[in-house]
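Everything below concerns the one structure shown next.
The values are calculated or read from the model by the stated rules, or taken from the named source; none is laboratory data. This structure is a prediction, so every number in the text was calculated from the model and none was measured.
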Amino acid sequence: MMRMNNKEFVNEVKRIVGYGDKNTQKVVRRLVSELDFQLVEGGRGHYHLVHPRLGGYKATIGSSVSCAWGGAFVSNIRHAMWKAAA
């Protein structure tokens, strides 16, 4: 994995999550393999992921029928990064 700043990292998360892709398992696999996220818990359509940039905070992604699930996940990533930096 190449070294990237926080803005590039968030953009990469957005690219992988893809606001129209509803295949949560595929998204989780790509986050783990491409951006070094670690899966803490998973099952029943909800996955809890951690990353060193999140400072110990978990980000949850689920397979909700809501069309905003990708946006909510990216928002959680940004918030966790902000809290970790504070």
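Considering only residues in region 53-86 that are in a loop (DSSP other than H, G, I, E, B) and closer than 22 Å to residue 4 by Cα, the one that is modelled with the lowest pLDDT turns out to be 86.
Considered as a group, the residues in region 2-52 that are assigned to a loop (DSSP other than H, G, I, E, B) and on the phi > 0 side of the Ramachandran plot include one that is modelled with the highest pLDDT, and that residue is 36.
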